[in-house]
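The block underneath contains the structure these notes are about, expressed in structure tokens.
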Amino acid sequence: MKVALLMSGGVDSSYSAYLLKNQGYEVLGIYLKLHDKEAKHEMFLRNCTKVSENLGFEFRVVEAKQEFKKAVYDEFVDSYKRGETPNPCALCNPLMKFGLALEFALELGCEKIATGHYARIEEVDGVKRIREARDMSKDQSYFLYAISQDAINRLIFPLGDMLKEEVKPKAFEVMPWLGTLETYKESQEICFVETDYIDILKKHTQVEQEGIVRDMQGNIVGEHKGYMQYTIGKRKGFSVRGAHEPHFVVGINPKNNEIIVGKKEDLATNKVEAINKSLLKNFNGGEYKVKIRYRSTPSEAKIFIDGDKIIAELKEPVYGVAKGQALVVYQDDKVLGGGVII
């Protein structure tokens, strides 16, 4: 069976190539050129080429900068302009990796698509679902909530049952020509952000715009450096006159370049709404677990569908819910779907 492997040039996807070859698959390596950081691409492409040549499989580069800019990068910038906190990886996965790249792979005769993601696939009542990884410290199921069922049906995650700490030594043992661990940096969460998201925004918009800080009652209590520099829950970088305890950003008003601050308890909410991206039309609702951001602890919630919205009523309050992040619904450790928080 021919499998397309999305390669990043890192250890995880390189070891995935080794595992797939050992399992008897015909592998086609694919590297997606998404951003315009050419020095990065050159380094990663050298690694990919080394792996494909040593393991003996075909390797292709797919130019997708324009598509990525339009679908992911521009939306990242626009989302911050709207006062939101975007999740570009959750957008890139369905549109680029398991959208555009999957189409390319199918055209070249591949039946399956594989990646070095830490997640698993499990069939439930005849439907394949994405499941959390064995290594919960590296689990990436949250970022995969919006990919199509057709993509899920073709997915292979070679590393899903492995621990990250065992992958690296095994990879260097069986592929000594990879080099040394020092030459492989940990992959960044957002590929096109070098240091801070503000550096990206500065290229496209004015981020240094002083504005006023209001309290929960609407009173002016201080100043800030520009609303795009704040996300919900942030507690530094703005002034609150006469404050004797920490204040947190609880709201952002992009139209007036204002932020609203409050105490920690003001960040709490028992209800989260999201635009539905992937919960199936026949989803009946019920009691499930939800995550409101990547590193958050799952929360028990009652889930309802109201038109194009997912409504989660949480048993215990959650803190710092940010517009633009993903609300992901889990049944035990399996992803049922989710949406973008509004």
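The values are calculated or read from the model by the stated rules, or taken from the named source; none is laboratory data. Only a predicted model underlies this, so the values are computations on that prediction, with no experimental measurement involved. With ideal geometry, Cβ positions are generated from the backbone for all residues, glycine too; neighbour counts draw on all protein chains shown. Quick note on the areas: whole protein, heavy atoms, side chains included, nothing else; ligands and nucleic acids left out. Shrake-Rupley method; radii C 1.70, N 1.55, O 1.52, S 1.80 Å.
Structure values in brief
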read-out: Condition check for SER14: open to solvent by less than 40 Å² (accessible area, probe 1.4 Å) and small (Gly, Ala, Ser); value: yes
read-out: Within segment 74-99, considering residues that are aromatic (Phe, Trp, Tyr) and touching a Phe, Trp or Tyr at 6+ places or on another chain (Cβ under 9 Å), the one farthest from VAL193 (Cα to Cα); value: TYR80
read-out: Pairs with Cβ under 9 Å, 6+ apart, first in segment 110-127 and without any contact (Cβ under 8 Å) to a residue 24 or more places away in the chain, second open to solvent by less than 40 Å² (accessible area, probe 1.4 Å); value: VAL127/ILE152
read-out: Within segment 217-320, strands (runs of 3 or more DSSP E) holding 1 or more residues that are of a type in the set (Lys, Arg) and open to solvent by 70 Å² or more (accessible area, probe 1.4 Å); value: 268-276, 286-291, 299-306, 309-319
read-out: Number of positions in segment 207-233 that are among the hydroxyl-bearing types (Ser, Thr, Tyr) and without any contact (Cβ under 8 Å) to a residue 60 or more places away in the chain; value: 1
read-out: Among (1) surrounded by 17 or more Cβ atoms within 10 Å (Cβ to Cβ); (2) farther than 24 Å from SER137 by Cα; (3) touching a strand residue (DSSP E or B) at 6+ places or on another chain (Cβ under 6 Å) - the single one LEU201 does not satisfy; value: (3)
read-out: Total residues in segment 300-328, condition in contact (Cβ under 8 Å) with a residue 60 or more places away in the chain and farther than 20 Å from GLU265 by Cα; value: 4
read-out: Selection within segment 275-332 - farther than 28 Å from LYS81 by Cα and of a type in the set (Phe, Trp, Tyr); value: PHE283, TYR288, PHE304, TYR330
read-out: In segment 118-176, residue modelled with the lowest pLDDT [restricted to those that are among the charged types (D, E, K, R) and in a loop (DSSP other than H, G, I, E, B)]; value: ASP125
read-out: Options GLY109, GLY126, GLY83; residue that is surrounded by 17 or more Cβ atoms within 10 Å (Cβ to Cβ) and on the phi > 0 side of the Ramachandran plot; value: GLY83
read-out: Selection within segment 207-222 - more than 10 Å from ILE259 (Cβ to Cβ), of a type outside the set (S, T, N, Q) and in contact with a Phe, Trp or Tyr (Cβ under 9 Å, 6 or more places away or on another chain); value: VAL207
read-out: LYS69 being open to solvent by 50 Å² or more (accessible area, probe 1.4 Å), in contact (Cβ under 8 Å) with a residue 24 or more places away in the chain, out of contact with any Asp or Glu (no Cβ under 8 Å at 6 or more places or on another chain) and at negative phi; value: no
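Conditions tested, residue by residue: (1) of a type in the set (A, V, I, L, M); (2) modelled with pLDDT of 95 or more; (3) within 19 Å of the chain's Cα centre (by Cα); (4) within 20 Å of GLY10 (Cβ to Cβ).
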| site | (1), (2), (3), (4) |
| --- | --- |
| LYS33 | no, yes, yes, yes |
| ASP36 | no, no, no, yes |
| PHE57 | no, yes, no, yes |
| LYS70 | no, yes, yes, no |
| CYS92 | no, yes, yes, yes |
| LYS97 | no, yes, yes, yes |
| PHE104 | no, yes, no, no |
